[in-house]
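As structure tokens, the structure follows; a few thoughts come after it.
The values are calculated or read from the model by the stated rules, or taken from the named source; none is laboratory data. A quick note: this is a predicted structure, and the numbers were derived from the prediction, not measured. Heads up, the Cβs are rebuilt from the backbone with ideal geometry, glycines too, and the neighbour counts pull from every protein chain shown.
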Ligand SMILES: NC(=O)c1ccc[n+]([C@@H]2O[C@H](COP(=O)([O-])OP(=O)(O)OC[C@H]3O[C@@H](n4cnc5c(N)ncnc54)[C@H](O)[C@@H]3O)[C@@H](O)[C@H]2O)c1
């Protein structure tokens, strides 16, 4: 059935949505990228073009291949238009349960019964999101990693009512995209963020209680554990607002020992969200 997937919609053209759109376009699947305003779509497509330009410079693709990829991406601010003739919709808007529920409710009224719904949520309950639709068996988490066009993993999250057939279909779609799918039942943070959150949060606490400097902690983790990025570099890369949302949700679900460190909340309230705002734990000049 999934072999018939030839057109999808990705909602939200931020860090993740634009990368996810690129992954599908590279696999020659038509993708409609949707956001609330044209300026966000412009930003998303600019990110995609930047990546393709670098790929041409590195001789990984030709200019013709880049044009072919871009031809598979359609931009839209009109949800009704965007969801015509699609077989799958992937939601990648802000990590806010109510915003996602409102969107899925609207999508449910616009899309035909066959359309599969996927959320790229980092931690939220798939069953709770699915419950606002009339298709909980065709609803699952498709959790891509940042940047989607380079990271191989996609966590496939099963809600309480997700059909096994739909899971199998999406796992084979991931293979078609050149990705490796790892299925998981739902739990706060799924697999990767459940393990990542306490690790990063402990690093924030080591820093804020003066045990060591962030640069030293980053070096220790890179050299001692062979991680490509230290916890502060990784947090800035992911987005401190995204990490705070994940942490708050895991704390709410699993208890106070998961409570976000104060320094993280403070940086977010000051608008220091990491690389995307040019300042987080570190300052970036480009
Ligand atoms: N950033 C990461 O590393 C990462 C990794 C995996 C998963 N995620 C998850 O992916 C999702 C998106 O994260 P992001 O980092 O790309 O966020 P982002 O802030 O970069 O982008 C979100 C985009 O969604 C748009 N948007 C908001 N409400 C909308 C609506 N109702 N309809 C259409 N567009 C809307 C915004 O305008 C914005 O362009 C979140 O659920 C996040 O938890 C993020």
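List of remarks:
- A residue that is under 16 Å from residue 20 (Cβ atoms), within 13 Å of the ligand (Cβ to nearest atom), part of a helix (DSSP H, G or I) and at pLDDT 95 or above can be found somewhere in region 74-84.
- Residues located in region 162-182, provided they are under 12 Å from residue 24 (Cα atoms) and surrounded by fewer than 16 Cβ atoms within 10 Å (Cβ to Cβ): 175, 176, 178
- Within this structure, residue 205 fails the test of being surrounded by fewer than 20 Cβ atoms within 10 Å (Cβ to Cβ), under 25 Å from residue 14 (Cβ atoms) and out of contact with any helix residue (DSSP H, G or I) (no Cβ under 8 Å at 6 or more places or on another chain).
- Check on residue 31, part of a helix (DSSP H, G or I), more than 10 Å from the ligand (Cβ to nearest atom), in contact (Cβ under 8 Å) with a residue 12 or more places away in the chain and assigned by TED's automatic domain parsing to the domain that holds residue 127: no
- Where a residue in region 39-67 is closer than 21 Å to residue 11 by Cα and in contact (Cβ under 8 Å) with a residue 60 or more places away in the chain and its partner, wherever it lies, is outside any helix (DSSP H, G or I) and within 15 Å of the ligand (Cβ to nearest atom), with Cβ under 8 Å and at least six apart: 51/147; 51/149
The rows are residues; the columns are (1) modelled with pLDDT of 95 or more; (2) touching a strand residue (DSSP E or B) at 6+ places or on another chain (Cβ under 8 Å).
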site: 229; (1), (2): yes, no
site: 232; (1), (2): yes, no
site: 240; (1), (2): yes, yes
site: 245; (1), (2): no, no
site: 255; (1), (2): yes, no
site: 263; (1), (2): yes, no
site: 266; (1), (2): yes, no
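- Being under 16 Å from the mean Cα position of the chain (by Cα) and within 16 Å of the ligand (Cβ to nearest atom) is a description that does not apply to residue 139.
- Selection count, region 34-48, where residues are closer than 12 Å to residue 82 by Cβ and either touching a strand residue (DSSP E or B) at 6+ places or on another chain (Cβ under 7 Å) or more than 8 Å from the ligand (Cβ to nearest atom) (or both): 2
- Those residues of region 252-278 which are more than 16 Å from the ligand (Cβ to nearest atom) and either assigned by TED's automatic domain parsing to the domain that holds residue 147 or under 20 Å from residue 193 (Cα atoms) (or both), in sequence order: 254, 255, 256, 257, 258, 259, 261, 262, 263, 265
- Residues that are part of a loop (DSSP other than H, G, I, E, B) and either free of Cβ contacts under 8 Å to residues at least 12 places away in the same chain or under 22 Å from residue 160 (Cα atoms) (or both) were ranked within region 88-110; the one that is farthest from the ligand (Cβ to nearest atom) is 96.
- Neighbours by Cβ (under 8 Å, 6+ apart or cross-chain): first from region 239-263, free of Cβ contacts under 8 Å to residues at least 12 places away in the same chain; second away from the ligand (no atom under 16 Å from the Cβ): 251/258; 251/259
- Screening residue 66 against (1) touching a helix residue (DSSP H, G or I) at 6+ places or on another chain (Cβ under 8 Å); (2) farther than 30 Å from residue 137 by Cβ; (3) within 15 Å of the ligand (Cβ to nearest atom); (4) in a helix (DSSP H, G or I) leaves a single unmet condition, (3).
- Scanning region 105-123 for residues being surrounded by fewer than 21 Cβ atoms within 10 Å (Cβ to Cβ) and under 25 Å from residue 250 (Cα atoms) gives a total of 1.
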